[in-house]
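The values are calculated or read from the model by the stated rules, or taken from the named source; none is laboratory data. Owing to the predicted nature of the structure, the values given are computational and were not obtained by experimental measurement. For neighbour counting, all protein chains shown are included, and Cβ atoms are generated from backbone atoms with ideal geometry for every residue, glycine included. Heads up: the accessible areas ignore ligands, DNA and RNA and are worked out on the full protein's heavy atoms, side chains in. Shrake-Rupley method; radii C 1.70, N 1.55, O 1.52, S 1.80 Å.
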Amino acid sequence: MILFLRFTLLCVLLIGAVPAAMAQDRSALLPDIPAATGEPHAEGNEYWRRNHMDLMRHDRDLTMREGNRKIDASLKGCFDCHAAKDGEGTIVTYQSEQHFCRACHDYVAVKVDCFMCHRSTPDGVDEGAPHAALVPQIPLKETDIQSVVAYLQQGASKTAEAKQ
Amino acid sequence: MNIPRAKGAELSRRDFLRSGAAVATTTLAPGVTLIAFGGSAAEAGTDAGKRWGLLIDANKCDADCSACVTACSDENGWKGTGNPETDAQWIRKVTLKNTTTGRETSLPVMCQHCEEPPCVDVCPTGASFKREDGIVLVDKHTCIGCRYCMMACPFKARSFVHEPTTNQKSHAPRGQGTVESCTLCVHRVDQGGTPACVEACAATGHGAIIFGNLKDPDSDISKQLAGYSSTALRPDLDLNPGVRYTNL
């Protein structure tokens, strides 16, 4: 429900703010969507904002199941035009808040797992280990590992006893 | 937002026609159709009139060569993580020994792309599926990582991804918690190409693997199959694999 309200708010803001933004500076309340290169979408930004998830879900089945590789909503294709860069001009991965797919998602509290498998950058860009930004990076401490080992060994000695 | 969630297997005709893949079919004469796919026929993707297969000549396969395995790993971005027991392996070199005669044969084994795939039978979500052109795949979007398919496969052809992945290839997404196997390089085949292993084997000069359409009697692979004796691995299981071997 909250998600829905936030989404509605986002839409209202995004749509309503267009004329307003022309008069004044973009409201600081809106997410900053990284600029794209290439041809804009024929269906318009508004349509893509609302429907990109369904377009991609539909088209991924065309590729997976029917071998059609000329799809409109290709996830790897997005980064031909939507490869967001950081202040230094380096292309960012999904780990970065500046990534195209996080610009709005962070704002509306949506989390996608696509980048567990898919690249979040064009081919050739080096993606670090936490690029998929799925799990918080909690470093395992030496003591944690020791306690796991101790637990496992305890189990092993029990089975050994049982066998005797 | 209330969006109807269409499942892969249930792509409706309307969805299909609405998509960019709209197909114009013209009937020229009874039984003769002209299919226009917006581009060349090579972009048509799956086609029930085709069945992709491999023919592997064990005599030509060099025991010391693993060019096919390396090529597959480079093409699809799977690699060892230092845990050989659980690391993904889409294709492996296997050595068979006849204990009576002592003859040793070396051959690559990968997903056999069965016509009756046991991995598809056991999959609880429909993620494991066979395309119309005979390629057996995992739709990782619906794979829950239960690994039933790995147990059902008599060829040990599937792997489970245990570790998080980085720097995947854009044409071969792969991630922790899902099952994967040889895709017969669908991303190449769909565009009229041949699998990476076949190319690499030819490049070494061994030419032990032939790729082609088993349903086309004029294809190289069909002619070879018609002319020489060949066998499937585990023929007793009646799975009719798309991968065939000669000189085993």
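Being in a loop (DSSP other than H, G, I, E, B) and either among the aliphatic types (A, V, I, L, M) or under 15 Å from B:Leu248 (Cβ atoms) (or both) is the filter here, so list the residues in segment B:100-126 that pass it.
B:Thr100, B:Thr101, B:Arg103, B:Gln112
The condition (being in a loop (DSSP other than H, G, I, E, B), open to solvent by less than 50 Å² (accessible area, probe 1.4 Å) and within 14 Å of chain A (Cβ to nearest Cβ)) is satisfied by just one residue among B:Gly145, B:Gly192, B:Gly207: B:Gly145. Please verify whether B:Asp74 is outside any loop (DSSP other than H, G, I, E, B), over 19 Å from B:Gly212 (Cα atoms) and either within 14 Å of chain A (Cβ to nearest Cβ) or open to solvent by 50 Å² or more (accessible area, probe 1.4 Å) (or both), treating the condition exactly as stated. So B:Asp74 fits the description; yes. Contact map, segment A:54-79: residues that are at the interface with another protein chain (Cβ under 7 Å from one of its Cβ atoms) and free of Cβ contacts under 8 Å to residues at least 24 places away in the same chain paired with residues that are of a type in the set (Phe, Trp, Tyr) and open to solvent by less than 30 Å² (accessible area, probe 1.4 Å), Cβ distance under 9 Å, separation 6+ or inter-chain. Pairs shown: A:Met64/B:Phe129; A:Arg65/B:Phe129. Within segment B:154-186, the residues that satisfy the criterion of being on the phi < 0 side of the Ramachandran plot, more than 7 Å from chain A (Cβ to nearest Cβ), touching a Ser or Thr at 6+ places or on another chain (Cβ under 9 Å) and open to solvent by less than 30 Å² (accessible area, probe 1.4 Å) are B:Ala157, B:Arg158, B:Ser159, B:Phe160, B:Val161, B:Ala172, B:Val179, B:Glu180, B:Ser181.
Every condition in (1) over 29 Å from B:Asn167 (Cβ atoms); (2) away from chain A (no Cβ under 14 Å) holds for B:Gly49 except the one numbered (2).
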